[in-house]
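First up is the structure itself, then whatever we jot down about it.
The values are calculated or read from the model by the stated rules, or taken from the named source; none is laboratory data. Fair warning: this is a prediction, and the values are worked out from it, not measured in the lab. Cβ coordinates were reconstructed from backbone atoms using ideal geometry, including for glycine residues, and neighbour counts include every protein chain displayed.
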């Protein structure tokens, strides 16, 4: 934590994928803290979709611009972590949809990560 603000964020692509998220203390004299979590098996067993994000063709400049247009200080002011995430999630997913194309996975690599 830096001046009382939690700087780490754990992002997943499925609800309920992680459990037991805990802060485990700092790394030596660093102001960073370790985060421990469990990956829940039940959430992983769902078959993967046949499309995945194609980060190689992503337009990260546009992505940065779209998220930079949001006045985050005002949007997140006075909100807790859960409420802030709900406010942050919509612009993030909209920017992702505009800037990061998807690609179809095919052949023997369908089950492997992109």
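Assorted remarks:
- Criterion: modelled with pLDDT under 90, surrounded by 12 or more Cβ atoms within 10 Å (Cβ to Cβ) and either in contact with a strand residue (DSSP E or B) (Cβ under 9 Å, 6 or more places away or on another chain) or assigned by TED's automatic domain parsing to the domain that holds residue 15 (or both) - qualifying residue of 50, 40, 27: 40
- Considering segment 94-113, the residues that are loosely packed, with under 13 Cβ neighbours inside 10 Å and not in a helix (DSSP H, G or I) include one that is modelled with the highest pLDDT, namely 104.
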